[in-house]
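S.K.: Here you go, one structure.
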Amino acid sequence: MKKSKNVDYHIHSQWSPDSRMPIKEALDYCAQQEIHEVAFTEHMDIGIQHKKAYHRLDEYLQEVATLKLQYPELHILSGIEAGVNEGNLEATEQLLQNL
């Protein structure tokens, strides 16, 4: 019988306006709970103003890449949850093409 994997494909960290949790803290928790695979899906809503700049995509992706090396037992995915509307469609498309 194949052993099932525990996964979470929708985690927000301090890179989203709706969370303050550091990525490392999320990964520590996942490791403790035996969650084997995770995906960070940070909000990237271009044109929406927040107190903090959340559109630093290069920094976010670099942090995930660095932490992947520290957690070889976890399969860590990084993505974005892009809010798209008529006013930001072109800018969002450019952002996604640069990934």
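S.K.: Using a basic spin-label model with each label point 7 Å from the Cα along Cα→Cβ, how many nm lie between L74 and A31?
M.R.: 0.8 nm
S.K.: Looking at the chain as a GNM with Cα springs under 10 Å, which of G87, G47, G79 has the largest mean-square fluctuation?
M.R.: Largest GNM mean-square fluctuation: G87.
S.K.: With a 1.4 Å probe and all protein chains left in place, how much accessible area per residue does the chain have, in Å²?
M.R.: That works out to 68 Å² for each residue.
S.K.: Taking 0.36 nm per residue of separation and subtracting the Cα-Cα distance, what length does fully extending R56 through N85 add?
M.R.: Extra length from R56 to N85 when fully extended: 8.4 nm.
S.K.: Based on the alpha-carbon gyration tensor of the chain and its eigenvalue square roots a ≥ b ≥ c, which shape applies: rounded if a/c is under 1.5, prolate if not and a/b is larger than b/c, or oblate?
M.R.: prolate
S.K.: For the stretch 52-99 and the stretch 6-21, compute the distance between their C-alpha centroids and round to whole Å.
M.R.: When both Cα centres are located, 12 Å separates them.
S.K.: Within a Cβ distance under 14 Å of L77, other residues only, what is the Lys/Arg minus Asp/Glu net charge?
M.R.: So the environment of L77 carries a net charge of -3.
S.K.: Let me ask another. List, in order, the whole-Hz ³J(HN,Hα) value for each residue of the stretch 76-82 obtained from phi through the Karplus relation with A = 6.51, B = -1.76, C = 1.60 and θ = phi - 60°; use x for Gly and Pro.
M.R.: Those phi angles translate into 10, 10, 10, x, 10, 10, 8 Hz.
S.K.: Between H12, H55, H75, where does the largest GNM mean-square fluctuation fall for the chain, given springs only between Cα atoms within less than 10 Å?
M.R.: Sorting by GNM fluctuation, first place goes to H75.
S.K.: For the Cα atoms of the chain, what angle does the longest principal axis make with the long axis of helix 57-70, in degrees from 0 to 90, nearest 10?
M.R.: 10 degrees
S.K.: Summarise the accessible area of the chain (1.4 Å probe, protein heavy atoms) by the percent that is carbon and sulfur.
M.R.: 51 percent
The values are calculated or read from the model by the stated rules, or taken from the named source; none is laboratory data. Here the structure is a predicted model, which means the values were calculated and not measured. Counting neighbours? That spans all protein chains shown, and the Cβs are built from the backbone with ideal geometry, glycine included. Surface accessibility is based on the protein's heavy atoms, side chains included, excluding ligands, DNA and RNA. Shrake-Rupley method; radii C 1.70, N 1.55, O 1.52, S 1.80 Å.
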